[in-house]
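Each reported figure results from applying straightforward, stated rules to the coordinates on display, with no laboratory input. Note that the coordinates shown come from a computational prediction; the quantities given were computed from them, not determined experimentally. Don't worry about glycine lacking a Cβ; one is built from the backbone with ideal geometry, like all the others, and counts go over all protein chains shown.
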């Protein structure tokens, strides 16, 4: 395990084997992120993606709350500052969605505004049973950002996305699970453990399989033929790989496979 998390850091970093946990660390603000914290999170995600020893990421928040959104008190209205902020938010969305490794969110307490955008962008979301999620942008006269128009539609469909973005209703954990906004619900205080277990499973899976699956899922396919072609290309590569050879050996030998974690890239 390695740690780089001085108490003044906006993002804490803890590594256990091939799983990296990034913790938003502004508990006094319920982990609302100012510009510096956003840039710090982008930097950590990019660095993790370039580390071949990291094969999964857990994203969570300190103080039993995931993220209350953007830090409203720090929001400048100067045009240059606004454009710079939106550039960073776009980089943040891409750093999660296009990360070379899967990202699992552990949502304690709640996720609002930017916090919801961060969670929705992740590959898997574990939420505490007492958590509440809301697209709170409209309460400030703002529209959603950080890719939420894209990621939310992918998770819950256009009709429910429209309702959440226009009305800003709170969604409790049970409803979030039923509509696909989160992927599993666990007891309060247990999200990091559950998310870490999911991340570990991803870290020992075939790296190339995980890459190919995530790449196909995030592509804006409109035509069945495009999907079939993408599946065919990925599957041909997988069938010719050492990972498949090992998976087949393990299947016939009645044991878990041990993949070599090579990338297709």
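Remarks
- Extended-chain gain in nm, criterion 0.36 nm per residue less alpha-carbon gap, residue 193 and residue 262: 22.2 nm
- Pairwise FRET efficiency - residue 159 versus residue 236, Cβ, R0 = 51 Å, nearest 0.05: 0.90
- Tail weight of P(r) past 14 Å, computed on alpha-carbon pairs of the range 145-185, percent: 45 percent
- Cα-only Debye scattering, the range 94-155: base-10 log of I(q)/I(0) at q = 0.12, 0.24, 0.29, 0.30 Å⁻¹: -0.28, -1.01, -1.27, -1.31
- Based on C-alpha pairs under 8 angstrom that are at least 6 apart in sequence, the chain has a relative contact order of 16 percent.
- Once the Cα gyration tensor of the chain is diagonalised, semi-axes √(5λ) in Å: 31, 21, 18
- Shape class of the range 165-265 from the alpha-carbon gyration tensor: oblate, with a/c at 1.5 or above and b/c at least as large as a/b.
- Residue 140/residue 184 FRET efficiency (R0 41 Å; Cβ-Cβ; nearest 0.05): 0.85
- Gyration tensor verdict on the range 58-100 (Cα atoms; rounded if a/c is under 1.5, prolate if a/b is larger than b/c, oblate otherwise): oblate
- Gyration tensor verdict on the range 207-253 (Cα atoms; rounded if a/c is under 1.5, prolate if a/b is larger than b/c, oblate otherwise): prolate
- Taking the C-alpha atoms of the range 22-102, convex hull volume expressed per residue in Å³: 82 Å³
- Extended-chain gain in nm, criterion 0.36 nm per residue less alpha-carbon gap, residue 47 and residue 252: 69.9 nm
- Cβ-Cβ distance of residue 130 and residue 14, R₀ of 30 Å, FRET efficiency by 1/(1 + (r/R0)^6): the value works out to about 0.80.
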